[in-house]
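Below: the structure, in structure tokens.
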Amino acid sequence: MTRPMRDVLILPTLMQTAAGARAAGREDPIMQVRDVMTHNLMSIERQAAIRNAAEKMRELDVGMLPVRDDGEIVGTVTDRDITVRATAEGADPNTTTVGEIMSNEIYACYEDNELEEAARIMADHQLHRLMVSNASGEFVGMLALADLARNPASEPLTAGILEEISQRAT
């Protein structure tokens, strides 16, 4: 059964950029999402078998893939989606499609958002990954908790996100 599509949940406004911070009198450089995000956005088609999605995740060493339908990103599929929504239910990995188990909500931020704002979204929604959009609304990458962890300057953000996403939803 295919789940209904939902809207993209993206930040409503662009946050302050480094240039804006300098204009406001802030001297410290502001880390933006584009500074640490993964730029090469690989995706999978909605009609692909989940086995293909799992193989692609293994090949790329990623835990989430954007899902496309007619060239447009319509959702995401994670390794957890495959495990919980398919494998645990006894679904056939060769015949079950990505579209049947994917998440229709797309959580995203802009590439010029401050890392702190992206971290807040990840923590608020208990997310390990965010899609990244440019100012034109095109998806250009992904920000993962692992991207933050690899950057020493974002260590406090990473710790805060981990604490928040580790909390059980009430």
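The values are calculated or read from the model by the stated rules, or taken from the named source; none is laboratory data. Nothing here was measured: the structure is a model prediction, and the numbers come from that model. So basically every Cβ, Gly included, is an ideal-geometry build from the backbone, and we count neighbours across all protein chains shown. Just the protein is used for accessible areas: all its heavy atoms, side chains included, with ligands, DNA and RNA removed. Shrake-Rupley method; radii C 1.70, N 1.55, O 1.52, S 1.80 Å.
A few points about this structure:
- Contacts under 8 angstrom Cβ, first residue in the range 40-63 being touching a residue at least 60 places away in the same chain (Cβ under 8 Å), partner open to solvent by less than 90 Å² (accessible area, probe 1.4 Å) and among the charged types (D, E, K, R), 6 or more apart: Gly63/Asp79; Gly63/Arg129
- Residues of the range 105-138 satisfying the condition of being without any contact (Cβ under 8 Å) to a residue 12 or more places away in the chain and of a type in the set (D, E, K, R): Arg120, Glu138
- Restricting the search to strands (runs of 3 or more DSSP E) fully inside the range 55-135 and requiring at least 3 residues that are β-branched (Val, Ile, Thr) and out of contact with any Gly (no Cβ under 7 Å at 6 or more places or on another chain) gives 72-78.
- Residue that is closer than 24 Å to Ala149 by Cβ, surrounded by 18 or more Cβ atoms within 10 Å (Cβ to Cβ) and either at pLDDT 95 or above or of a type in the set (A, V, I, L, M) (or both), where the choices are Val77, Val62, Val67: Val77
- Tallying residues that are buried (at least 17 other Cβ atoms within 10 Å of the Cβ) and either in contact with a Cys (Cβ under 7 Å, 6 or more places away or on another chain) or in a helix (DSSP H, G or I) (or both) within the range 40-51 yields 1.
- Scanning the range 115-139 for residues that are more than 26 Å from Thr83 (Cβ to Cβ) and surrounded by fewer than 19 Cβ atoms within 10 Å (Cβ to Cβ) yields Glu116, Glu117, Arg120, Asn134, Ala135, Ser136, Gly137, Glu138.
- Residue within the range 85-106 that is under 19 Å from Ser133 (Cβ atoms) and buried (at least 20 other Cβ atoms within 10 Å of the Cβ) present: yes
- Flag: Leu143 matches the condition of being touching a helix residue (DSSP H, G or I) at 6+ places or on another chain (Cβ under 6 Å) and closer than 17 Å to Ser43 by Cβ.
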